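The values are calculated or read from the model by the stated rules, or taken from the named source; none is laboratory data. Predicted model, so just to flag it, every value in this text is computed and none were measured. Counting neighbours? That spans all protein chains shown, and the Cβs are built from the backbone with ideal geometry, glycine included. For accessibility, only protein heavy atoms count, side chains too; no ligands or nucleic acids. Shrake-Rupley method; radii C 1.70, N 1.55, O 1.52, S 1.80 Å.
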Amino acid sequence: MDRIGVFTSGGDAQGMNAAVRAVVRAALDRGTEVMAIYEGYQGMVDGGENISPISWSDVGGILHQGGTIIGSARSLEFRERPGRLKAVTNLLKAGIDTLVCIGGDGSLTGANLLYQEWPGLLKELVESGVITQDMADKHPHLAIAGIIGSIDNDMYGSDMTTGADTALHRIVEAVDAITSTAASHQRSFVIEVMGRHCGYLALMAGLATGADWVLIPESPPNLDNWEDKMCEVMAQGREIGRRDSIVIVAEGAQDRYGKPITSEHVRQTLEEKLGEDTRITVLGHVQRGGSPSAFDRNLATQLGVQAVEELLNDSPGSEPFVMGIQGNRITRTPLAKCLEITQAVGNAVQAGEFEKAMDLRGRSFKKSFRTLRTLVRAMPHKPEPGKRRMRLAVMNAGGPSPGMNTAVRAAVRLGVDKGHIMMGVNRGFRGLIRGEIRDLDWMDVAGLAPMGGSEFGTNRTVPEGGEWYAIARNLEEHQIEGILMIGGLTGYQAIHEMYRLRENYPAFNIPMICLPASINNNLPGSQLSVGADTALNSIVDAVDKIKQSAVASRRTFVVEVMGHYCGYLALMSALATGAERVYMHEDGVTLQDMINDTNMLIAGFQQGKRVGLLIRNEHANAIYTTDFMRALFEEEGGDLFDVRQAILGHLQQGGNPTPYDRILATRLASDCIDYLEDQIGAGLADSSFIGLVGGEFKLSNTEDLPRLVDSKYGRPKEQWWMGLRQTVDLLAQPGPSVREK
Ligand code: ADP
């Protein structure tokens, strides 16, 4: 391979810049030149300056920018063979026979076509004398890696497409804002979100907010008079005290006969049937705007690095592929398969085969839709006569983590809807000791989904001695048959203690389940905990601003982030902000590190660097503190640069939960209620913690807690994300193989 060409195409999506940066730097690091193809396929067709070398520093400082720095366009010319002949000529002239295409299904369809036609196009170009046989022989195949850049999350081949998470951020911010104004005026709002063929954004936005009704293309209302049903639910909602009514409509929503359901139709319906003042907000391009979320930056970065890796390792003539993510694993899927299945969903929707469309979208999409339909009810189903009503307690414990409230809301509503008696425990295990337990009803948890913090109250108390007895008494008094603990490590430890003490206290012989909620992401049995994404985004927002402030003054920042002894937040924020260096307790910090990093900073600023960024976990090293590092680098930096520290502190625990955390919290809570119901129903009393493992929810035995956790440092013995350390190092600064021109 001579050179890799990279381009972004179709609708822009946040994270495209991170992907471009990763592709460029990973390739340069491996000694391969990269050409940027500006303005997508149009630039390929036009050639000239549109295809130019791109350097390590050209992609510096772009992680936080929305859009794409190499431009994106729609190209009619490329759709026709003559246009593609021009494109191939330009690629060959630039020595490119390997492409990374960052775009949506349209762009990737175009890429696949180019791959298929490549030999034929070369033949035609040789015959017409545009290129020599020699040139054609040098580039017999076109190699292509695809990275899906699409806010709609509408493509097979990745659990998440680059840009979808950020779009959800924008939507959820807007729905939260509209909810508060709607509530103060008792108004109804119809909010239209993007998604022509895919209801992902609408569905997830509904799950993450307090929306009352959601309309998506894949699952139209199954009634002819769905308008009546919708209005009935809205009216019921008003009766029981809801102050706002929010309907989210995907732009491609339709009824079961394929007739589009427009926002205007929904508005008119609500106004006519309910007599309510109803407004429409079409979110439009807001959804593509703004700074990319931490998730999109890190996803795109990993996909870009891995795309280059795969291209460099492939044998000549390999088929095009798409890089994607499943759980936390980067995957490679043949492009043709991705296009075929994506097409099949679209066809099924169009043909009115909605069951099939939902099946093709996957299990978690389907289950999320079912959960949503319960959560949006104005009132729960009436308990089935004769069905056993179980008494389930829900509590928070550990440090506060955004998303705890969201999980509580989902658990209580789903439990009540199944006919159970749900009880809330105030103030964590302290409240359980004191008997601060109360019944909760449907409307008691209204409005909790978007709220940060913990409305129940939470703390790090782990009971001891006689307190266990008090807890046992309270459980008996309230006839509690199962416990859902939503919280952090101390909560897990307390539940583990209860499990161990079962012999002594029969009241502890009930099923218990822990739902991981901690900003530190230091919980066993789950690759992610609820709250970590919010904290990460808060850090990334703050660091973006800090970096901006430093540009003017040749400055290095040492930013200290939380995490206890777990380096997750430090590492992931370093990846998302392009930090030069990350210090974590897992790796330790040595004197030699300090010397190397001093030299690295001096060399960098001598070569014209304007900002230095070092991220340090709060407990990375007891001696080399944040202030020590600041003083050391400041002294050594002399006149070349100055150094400041920023200890981010509690802003990391606060804030409203991000869409990702809300969705994770809701889905986990749903599985936890199922677990307790199944256990009690079967007369069992297991105790487990639930978690996200490889994209699926898995249960681990409470018994295994000591085996899985490093008790001295309060973090899992195995941490999957440590593998990303190399990526941070790779992208932070040019290695020896990169020769800047
Ligand atoms: P997206 O990639 O976001 O889905 P589009 O569908 O607009 O966006 O596609 C972007 C570009 O990809 C188009 O302008 C066109 O140049 C190219 N393209 C899309 N579909 C095809 C196709 N079937 N054949 C050739 N080129 C295509």
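Tabulated data for the structure shown
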| item | result |
| --- | --- |
| Close pairs (7 angstrom Cβ cut-off, 6 or more residues apart or separate chains): assigned by TED's automatic domain parsing to the domain that holds Met584 in the range 594-606, open to solvent by 70 Å² or more (accessible area, probe 1.4 Å) and modelled with pLDDT under 95 anywhere | Phe605/Arg554 |
| Unmet criterion (only one of (1) away from the ligand (no atom under 11 Å from the Cβ); (2) open to solvent by 40 Å² or more (accessible area, probe 1.4 Å)) for Val190 | (2) |
| Tally, over the range 59-77, of residues that are within 16 Å of the ligand (Cβ to nearest atom) and either outside any helix (DSSP H, G or I) or aliphatic (A, V, I, L, M) (or both) | 10 |
| Residue in the range 403-415 that is open to solvent by 10 Å² or more (accessible area, probe 1.4 Å) and over 21 Å from Pro450 (Cβ atoms) present | no |
| Subset of the range 113-157 [in a loop (DSSP other than H, G, I, E, B) and either closer than 18 Å to Arg3 by Cα or within 11 Å of the ligand (Cβ to nearest atom) (or both)] | His139, Pro140, His141, Leu142, Ser150, Ile151, Asp152, Asp154, Met155 |
| Residue that is farther than 17 Å from Asn153 by Cβ, outside the structural domain of Ser573 (by TED's automatic domain parsing) and of a type in the set (A, V, I, L, M), where the choices are Leu303, Leu311, Leu283 | Leu311 |
| Filter result (within 16 Å of Gly10 (Cα to Cα) and either part of a loop (DSSP other than H, G, I, E, B) or away from the ligand (no atom under 14 Å from the Cβ) (or both)) within the range 39-48 | Glu39 |
| Members of the range 98-112 found to be hydroxyl-bearing (Ser, Thr, Tyr), within 14 Å of Gly5 (Cβ to Cβ) and either near the ligand (Cβ under 8 Å from one of its atoms) or within 23 Å of the chain's Cα centre (by Cα) (or both), listed by number | Ser107 |
| Members of the range 329-347 found to be surrounded by fewer than 21 Cβ atoms within 10 Å (Cβ to Cβ) and over 20 Å from Ala26 (Cα atoms), listed by number | Thr333, Pro334, Ala336, Lys337, Glu340, Ile341, Gln343, Ala344, Gly346, Asn347 |
| Residue in the range 198-208 that is surrounded by fewer than 24 Cβ atoms within 10 Å (Cβ to Cβ) and modelled with pLDDT of 90 or more present | no |
| Single condition Ala446 does not satisfy, out of (1) modelled with pLDDT of 95 or more; (2) closer than 20 Å to Pro657 by Cα; (3) not basic (Lys, Arg) | (1) |
| Test: residue in the range 49-58 that is in a helix (DSSP H, G or I), within 15 Å of the ligand (Cβ to nearest atom) and crowded, with 23+ Cβ neighbours inside 10 Å | no |
| Set Ser158, Ser180: member being among the polar types (S, T, N, Q), farther than 18 Å from Asp661 by Cα, open to solvent by 10 Å² or more (accessible area, probe 1.4 Å) and within 18 Å of the chain's Cα centre (by Cα) | Ser158 |
| Some residue of the range 681-691 being of a type in the set (S, T, N, Q), assigned by TED's automatic domain parsing to the domain that holds Ala446 and over 21 Å from the mean Cα position of the chain (by Cα) | yes |
| Among (1) crowded, with 17+ Cβ neighbours inside 10 Å; (2) outside any strand (DSSP E or B); (3) modelled with pLDDT of 95 or more, the one test that Leu614 misses | (2) |
| Total residues in the range 349-385, condition part of a helix (DSSP H, G or I), charged (D, E, K, R) and either assigned by TED's automatic domain parsing to the domain that holds Glu251 or free of Cβ contacts under 8 Å to residues at least 60 places away in the same chain (or both) | 7 |
| Residue check, Ile480 at pLDDT 95 or above, in contact with an Asp or Glu (Cβ under 9 Å, 6 or more places away or on another chain) and assigned by TED's automatic domain parsing to the domain that holds Gly452 | no |
| Odd one out for Gln350 among (1) open to solvent by less than 50 Å² (accessible area, probe 1.4 Å); (2) at pLDDT below 90 | (1) |
| Matching option when the condition is closer than 29 Å to Leu528 by Cβ, over 28 Å from the mean Cα position of the chain (by Cα) and open to solvent by less than 20 Å² (accessible area, probe 1.4 Å), among Gly399, Gly431 | Gly431 |
| Among the residues listed as Ala27, Ala13, Ala22, Ala36, the single one being open to solvent by less than 20 Å² (accessible area, probe 1.4 Å), within 14 Å of the ligand (Cβ to nearest atom) and closer than 30 Å to Lys609 by Cα | Ala13 |
| Subset of the range 272-283 that is of a type outside the set (Ser, Thr, Tyr) and in contact (Cβ under 8 Å) with a residue 24 or more places away in the chain - its residue that is nearest to Asp176 (Cα to Cα) | Leu283 |
| Test: residue in the range 374-381 that is touching an Asp or Glu at 6+ places or on another chain (Cβ under 7 Å), modelled with pLDDT under 95, open to solvent by 10 Å² or more (accessible area, probe 1.4 Å) and among the hydrophobic types (A, V, I, L, M, F, W, C) | yes |
| Residue match in the range 386-406 (condition: over 30 Å from Ile433 (Cβ atoms) and at pLDDT below 95) | yes |
| Residue tally, condition of a type in the set (A, V, I, L, M, F, W, C), farther than 14 Å from Gly399 by Cβ and in contact with a Leu (Cβ under 6 Å, 6 or more places away or on another chain), over the range 469-502 | 1 |
| Which numbered condition Glu80 fails, given (1) within 16 Å of the ligand (Cβ to nearest atom); (2) among the acidic types (Asp, Glu); (3) open to solvent by less than 30 Å² (accessible area, probe 1.4 Å) | (3) |
| Boolean, Ser107 is under 30 Å from Asn90 (Cα atoms), outside the structural domain of Asn537 (by TED's automatic domain parsing) and assigned to a helix (DSSP H, G or I) | yes |
| Failed item in (1) out of contact with any helix residue (DSSP H, G or I) (no Cβ under 9 Å at 6 or more places or on another chain); (2) not in a loop (DSSP other than H, G, I, E, B), with Ile102 passing the rest | (1) |
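Residues checked against (1) part of a helix (DSSP H, G or I); (2) closer than 23 Å to Thr577 by Cβ; (3) of a type outside the set (A, V, I, L, M, F, W, C):
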{"residue": "Ile4", "(1), (2), (3)": "no, no, no"}
{"residue": "Ala13", "(1), (2), (3)": "no, yes, no"}
{"residue": "Ala19", "(1), (2), (3)": "yes, yes, no"}
{"residue": "Val23", "(1), (2), (3)": "yes, yes, no"}
{"residue": "Val34", "(1), (2), (3)": "no, yes, no"}
